[in-house]
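Each reported figure results from applying straightforward, stated rules to the coordinates on display, with no laboratory input. Quantities reported herein were computed from a predicted structural model and do not represent experimental measurements. Cβ sites come from the backbone with ideal geometry, for glycine too, and all protein chains shown count toward neighbours.
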Amino acid sequence: MTALRIKLAGIALVLAGVASAALAHGVAGGDAEFLKSVTGVQVAPLMYLGAKHMVTGYDHLLFLAGVIFFLYRLRDVALYATLFAVGHSVTLLLGVLAGIHANAYIVDAIIGLSVVYKALENLGAFRRLGFAIDTRVAVLAFGLAHGFGLSTKLQDFALSREGLVGNIVSFNIGVELGQIVALALMLIVFGLWRRTGSFVRGAWLANLAIMAAGFTLFGYQLAGYLVA
């Protein structure tokens, strides 16, 4: 019982962190001031901002953690990571460069549901209900939503048209580099955890925590949309 209480306490702390992070996620502070003032192509700074947004983006990290949770072969990890990258690259670039707008609250609510979906799939919920969902299609589709989430953050700023294409491409490259770093760290952690006897026992609780965090994100964004 003591071990279970510790695990539940840990899950509660994670959820509290996600809830508080939801209030601060986005581009703020010095990064926001830089984006407002940038003119011309700024490759390195925009790559840095893209990587930073990915590795500090709790919603992206939760979804990626769910995606690779039960992937044991590197080629499978590469396949799903590529599908996710293609999805969010398309909508990130189109969203900003083509001026395709979407309500940020709705997009982020869908991103929250993407986290819930992956956790439910890992828990075998869809299989028990008799639903056959192609995970590859789902990851690509939710990647599109995550890309719109990124583009809405950038569309909050009146980005200069001078050098815009180069800057957005640089930002996107940074996002991909950030994803590689995040995946590498996750794979190391999962690899070490899988070697212990606690992985099988803890997988259920971990995915419950991921699912609860997804619902927290969804609820927060939906509330924001309703009161906006």
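Taking the Cα atoms of the stretch 133-217, report the difference between the largest and smallest coordinate on each principal axis, in whole Å and largest first.
Dimensions of the stretch 133-217 along the principal axes of its Cα atoms: 55, 26, 25 Å.
Using only Cα atoms, find the angle between the long axis of helix 43-55 and the longest principal axis of the chain, and express it within 0 to 90 degrees, rounded to the nearest 10.
Helix 43-55 and the main axis of the chain meet at about 30 degrees.
Sequence neighbours fewer than 8 away in the same chain don't count; with that in mind, list the aspartates and glutamates whose C-alpha is under 14 Å from residue 118.
Partners within reach: 59, 134.
Helix-only estimate, please: 222 nm mean residue ellipticity of the chain, summing -39500 (n - 2.57) across DSSP H runs of length 4 or more and dividing by its residues, to the nearest 500. If you can, show how the numbers build up before the last one.
On the way: 10 runs with 184 residues, N = 228.
After summing the helix terms and dividing by the residues of the chain, the value is -27500 deg cm²/dmol.
Evaluate the charge dipole of the chain about its Cα centre and quote only its size in Debye, nearest 20, assuming +1 on the Cβ of each Lys and Arg and -1 on the Cβ of each Asp and Glu.
Its charge dipole is roughly 880 debye.
Give the angle, between 0 and 90 degrees and rounded to the nearest 10, that separates the Cα long axis of helix 198-227 from the longest principal axis of the Cα atoms of the chain.
40
Give me Rg/Rg_expected for the stretch 2-227, where Rg uses Cα atoms only and Rg_expected = 2.2 N^0.38 Å with N residues. Present the calculation step by step, with values, prior to reporting the outcome.
Values: Rg = 17.9 Å, N = 226, 2.2 N^0.38 = 17.3 Å.
Compactness ratio reported: 1.04.
Can you list the aspartates and glutamates whose alpha carbon is less than 17 Å from that of residue 52, not counting same-chain residues fewer than 8 positions off?
31, 33, 176
What percent do you get for the relative contact order of the stretch 2-227 when only Cα pairs under 8 Å and 6+ apart count?
Working: 264 pairs, mean separation 91.3, N = 226.
Contact order relative to length: 40 percent.
Which of the listed residues, 206, 87, 173, is farthest toward the dipole's positive end in the stretch 2-227, when Lys, Arg count +1 and Asp, Glu count -1 at the beta-carbon?
Among 206, 87, 173, the one farthest towards the positive end of the dipole of the stretch 2-227 is 206.
Chymotrypsin sites (Phe, Trp or Tyr not before Pro) within the stretch 89-186: which are DSSP loop residues with at most 11 other Cβ atoms inside 10 Å?
Working: sites: 105, 117, 126, 131, 142, 148, 157, 171; in loops: 131, 157.
The qualifying sites are 131.
Working from Cα positions, state the angle (0 to 90°, nearest 10) between the long axis of helix 135-155 and the longest principal axis of the chain.
40
Residue 41: net charge of surrounding residues, Cβ under 14 Å, Lys/Arg +1, Asp/Glu -1, itself excluded?
Working: positive: 161; negative: 162.
Combined, the nearby Lys, Arg, Asp and Glu give 0.
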